[in-house]
Amino acid sequence: MKAVWLENQKLELKTDLPLPELQAGEARVKVLRAGICNTDLELLRGYYPYRGVLGHEFVGVVENGPENLVNRRVVGEINAACRDCRFCRQGVPTHCENRTVLGIVNRNGAFAQYLSLPIENLHLIPDNVDTDVATFTEPVAAALEIQKQVKIGPNDRVLVVGDGKLGQLVAQTLALSGCELVAIGRHREKLDLLAARGIQTGFEEAAIARSFDVSVECTGNPQGFEVARRALRPRGTLVLKSTYAGRLEIDASAIVVDELTLVGSRCGPFPEAIAVLAGDRIDVKPLIQAHYPLDEAIAAFDRAQTRGVLKVLLDID
């Protein structure tokens, strides 16, 4: 099969990879669409020493699996858990000590004609959700995870730092909570996408120091972290949604003195994400800026790395 292979921080389109071998309890999925996200770009830059097929945001059709799933569109949770370690026994498979992670840790990913995942990881896509929109299920779930970790309501003032792919989804999902929300970034055209949905937007000066209860850092750079930290009131909560390729230096004294809470946040609830997309409660279509066939995957990565570009999708089918 064809697939995008990462090795030694270099991409290659391979055409001779074997189909994924199925372990007990797994299904083989024919990939229809896959999205390039910031984690893929960070892996390319060396964020984690991964070797294999990239990609974890996808929609596909089950080719080999349970009868109720075969020939139906699915998305998939990316952590394949052992179900036996202490985290699995506690019901937290996303932190399984023996997990593989689709396109990230020891499991070939979605930038390929086929992938495999445990059957329990797969979720059916409703007929009213088109394939492009469904490709956003994984990042929408990750955005919704914030509200699983931090109680946010109408009385909270919340700041989102970053107007890129992740910041867009985080802002739209946080807006569903009814909180007093401000999203900041550096690109007027991206902020306008959020403003069109009634979200207050601005540039860095809108992140007034010590005036927010919660700030969410979505830029993946040290400057964004510092803006998010400075904006917090004492005993505020700083949520980190980005992966960082390099080391992050922080002012630990400020965190101690203001008694701030730092929350790392990544994977999230797929059923809720599918419901949000199916109910048109957020709008992801304006974030799609390009489609590329799998054969042009290297060009797609070049486009995805271009400053200011939002979502680039690979058409695998």
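The values are calculated or read from the model by the stated rules, or taken from the named source; none is laboratory data. From a predicted model like this one, the values you see are computed outputs, not experimental measurements. All Cβ positions, glycine included, derive from the backbone under ideal geometry; neighbour counts span all protein chains shown. Ligands, DNA and RNA are stripped out before the accessible areas are found, and what is left, the full protein with its side chains, is counted by its heavy atoms. Shrake-Rupley method; radii C 1.70, N 1.55, O 1.52, S 1.80 Å.
Computed quantities for the displayed model
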| item | result |
| --- | --- |
| Cβ charges +1 (Lys, Arg) and -1 (Asp, Glu), total dipole of the chain, debye | 480 |
| Rounded accessible area per residue of segment 43-163, 1.4 Å, Å² | 43 |
| Given charges at Cβ of Lys, Arg, Asp, Glu: the chain dipole, positive-most of Val257, Pro271, Val74 | Val257 |
| Cα shape, segment 155-236, gyration tensor, a/c 1.5 rule | oblate |
| Segment 1-113, relative contact order in percent, only Cα pairs under 8 angstrom and at least six apart counted | 28 |
| Using θ = phi - 60° and Karplus 6.51 cos²θ - 1.76 cosθ + 1.60, couplings along segment 260-267 (whole Hz; Gly, Pro as x) | 7, 10, 9, 10, x, 8, 9, 5 |
| Net length gained if the chain between His95 and Asp251 were fully extended (0.36 nm per residue, minus Cα distance) | 53.4 nm |
| Contact order relative to length of segment 47-96, as percent, for alpha carbon pairs under 8 angstrom and 6 or more apart | 23 |
| Hz values of 3J(HN,Hα) by residue in segment 38-48 - Karplus curve (6.51, -1.76, 1.60), Gly and Pro given as x | 4, 5, 4, 5, 5, 4, 4, 8, x, 4, 8 |
| Packing-based order for 218-224, 23-29, using average beta carbon neighbours within 10 Å, highest first | 218-224, 23-29 |
| Heavy atoms of Lys148 accessible to a 1.4 Å probe, total area in Å² rounded to 10 | 120 |
| Length added when fully stretched, Ala278-Asp130, from 0.36 nm per residue minus Cα-Cα | 52.4 nm |
| Long-range HN-HN contacts of Glu26 with modeled amide H, under 5 Å | Ile119 |
| Length-normalised contact order of the chain in % [C-alpha pairs under 8 Å, at least 6 apart] | 19 |
| Accessible carbon and sulfur surface of the chain relative to its total accessible area, %, 1.4 Å | 45 |
| Placed amide H near Glu57: partners under 5 Å, 5+ positions off or other chain | Gly35 |
| Under 13 Å, Cβ to Cβ, from Gly153 - net charge with Lys/Arg +1 and Asp/Glu -1 | -1 |
| FRET E, pair Ile208, Thr15, Förster distance 35 Å, beta-carbon r, rounded to 0.05 | 0.05 |
| Accessible surface, 1.4 Å probe, highest first, among residues Leu194, Leu260 | Leu260, Leu194 |
| For Val105, residues with placed amide H under 5 Å, excluding near neighbours | none |
| Anisotropy class of segment 22-85 from Cα gyration tensor, a/c 1.5 cut | oblate |
| Cross-link pairs Lys241/Lys285; Lys190/Lys311; Lys190/Lys285; Lys14/Lys285; Lys2/Lys241 - those with Cα-Cα distance over 20 Å | Lys241/Lys285; Lys14/Lys285; Lys2/Lys241 |
| Estimated dipole of segment 185-286 in Debye, rounded to 20 [Cβ of Lys and Arg +1, of Asp and Glu -1, Cα centre] | 120 |
| Helical mean residue ellipticity (222 nm; -39500 (n - 2.57) per DSSP H run of 4+; nearest 500) of the chain | -7000 deg cm²/dmol |
| Shape category assigned to segment 70-229 from the gyration tensor of Cα positions, a/c cut at 1.5 | prolate |
